[in-house]
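For reference, the structure discussed in these notes is given below.
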Amino acid sequence: MQNFVYRNPTEILFGRGMISEIATRVPAGAPALFAYGGGSIKRNGVYDRVKAALKSHRVVEFGGIEANPLYETCLTAVDVVKRERVGFVLAVGGGSVLDAAKFIAAAACFTGADPWDILRTNGSVVKAALPVGTVLTLPATGSEANGNSVISRRATREKLHFTSNHSFPVFSVLDPETTFTLPAKQVRNGVVDAFAHVMEQYMTCPADAPLQDRLAESVLHTLVEVGPMTLAEPRNYEARASFMWSATLALNTLIGCGVPQDWATHMIGHELTAFYGLDHAETLAIVMLGVWQHKLAQKRAKLEQYGRRVWNVTSAEAAIAKTEAFFNSINMPTRLQACNISSEDAAAKVSARFAERKAAFGEHGDIGADAAAAILRLRA
């Protein structure tokens, strides 16, 4: 296992009724920006519960954050933050709202000429950010307990990410009851998103890290067990709680400590979203299996371990097949043709974008433009 420093400053407030706890955690000295998405929180009662908790606070609302949060929308929010002298950002919603809040909080403190540099440099230029708190209503991204953010730019059809220690939420509320009314598609997406997050940190090469492997496998086992259950029984609190906590642990930086990581699936997937508008989780389900197929020789040892421990199969090929069958069982497409996308068109566009940026990912840094094209062709 490699050397590492583990730091996660986020306070997790987990369980029924925990939204009320934000009253003592959102500072009252300056206005708070209450950021949310398309209005589902008004239909499921979360909006009213947040407003009740903040009845003694000055609150500035900012709604309309997109499912793939747009840079242009975030800059509008930054203008509001500066005009209203906001001192705290509260994100209420799924990972997209949380990601937007992190970018807004960083951009509001950014002193450079172009806030896009925050994303272009993967956050290296972030020196400060407003504090962010979150109320999570859609388990998926793990954004409630990490410093990551992914933002799309409409004008250039780009989707980039940044990471910063300044962007960890100071607290996050996880109440499983807020997920009861989610559409099945969003729950399905959340299961696959969390699954892929684990795999980006696990499905690499042996690293003499047995505890990290077992931690990752425990999250995978739980998602396989409770994912279908929470789709079939939307108001099963215990299943929703296990799903919600699994999604947080999948990307709160713990299971990635001291082990090689891949992230090629995400980087290729981001381009599919940018070019074709696919849901993030849909891109992961399609691309991840292709990455494994393309890198079968390098990943065989871990694929076989995963197959034995999670699916009770012995070969790498069987482990890939079991994973695809699991995704299909929860109605997740795993082929580009199922989304009416030409694999050749996707390969050309994504490989050109990789070549333009001289991008290379994977645990060995060898998944560049040509490899990205080959991976997408495998998922026709």
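Quick notes on this structure:
- Segment A113..V5, full-extension length gain: 35.7 nm, with 0.36 nm per residue of separation and the alpha-carbon distance subtracted.
- More than 25 angstrom apart: percent of Cα pairs within the stretch 11-177: 22
- V135 long-range amide H proximity, modeled H, under 5 Å: A91, V92, G93, V173
- The alpha carbons of the stretch 183-378 occupy a box of 46, 40, 29 Å along the principal axes, longest dimension given first.
- In angstrom, the C-alpha Rg and Dmax of the chain are 20.0, 60.
- Applying a DSSP loop filter and a limit of 16 other Cβ atoms within 10 Å to the GluC sites (Glu not before Pro) in the stretch 54-133 leaves E66.
- Cut-off 14 Å, label 7 Å out along Cα→Cβ of F14, residues of the stretch 206-245 by amide N: 219, 222-223, 238-245
- Taking the number of Cβ atoms within 10 Å of each Cβ as an exposure proxy, the fewest-first ranking of K322, K82, K55 is K55, K82, K322.
- The ranking of T248, T265, T204 from fewest to most other beta carbons within 10 Å of each one's beta carbon is T204, T248, T265.
- Working from label points 7 Å from Cα in the Cα-to-Cβ sense, the R235 to V313 distance is 3.7 nm.
- Structural descriptor for the stretch 183-378: relative contact order 24 percent, calculated from alpha carbon pairs under 8 angstrom and at least 6 residues apart.
- Relative contact order for the chain: 15 percent, from Cα pairs under 8 Å spaced at least 6 residues apart, divided by residue count.
- Between A297 and A207, the contour length at 0.36 nm per residue exceeds the Cα-Cα span by 30.8 nm.
- In order along the stretch 314-323, the phi-based Karplus estimate (6.51 cos²θ - 1.76 cosθ + 1.60, θ = phi - 60°) of 3J(HN,Hα) comes to 9, 9, 4, 4, 5, 5, 5, 4, 5, 5 Hz; Gly and Pro are listed as x.
- Scattering from the stretch 263-377 was approximated by placing one identical point on each alpha carbon and applying the Debye formula without solvent; log10 I(q)/I(0) at 0.09 1/Å stands at -0.23.
- For the residue pairs K302/K349; K127/K358; K295/K322; K185/K302, the alpha carbons lie more than 24 Å apart in K302/K349; K127/K358; K185/K302.
- Distance cut-off 14 Å, percentage of C-alpha pairs in the stretch 194-252 lying past it: 53
- Helix 369-378 vs. the chain, principal-axis angle (Cα, 0 to 90°, nearest 10): 70
- Taking other C-beta atoms within 10 angstrom as a stand-in for reagent exposure, R188, R377 fall in the order R377, R188, fewest first.
- Checked against a 30 Å cut-off, the cross-linked pairs K51/K102; K82/K159; K55/K159 give Cα-Cα distances beyond that limit for K55/K159.
- Of R335, R214, R83, the one that fluctuates the most in a GNM where the chain has Cα springs shorter than 10 Å: R83
- Stretchable slack from S342 to R25, in nm (0.36 nm times residue separation minus alpha-carbon distance): 109.2 nm
- The phi torsions of the stretch 60-69, fed into the Karplus equation with coefficients 6.51, -1.76 and 1.60 and a -60° offset, translate into couplings of 10, 8, 9, x, x, 5, 7, 5, 10, x Hz, rounded to whole numbers, with Gly and Pro shown as x.
Since every read-out is calculated from the coordinates, none of them should be taken as a lab result. Here the structure is a predicted model, which means the values were calculated and not measured. Cβ sites come from the backbone with ideal geometry, for glycine too, and all protein chains shown count toward neighbours.
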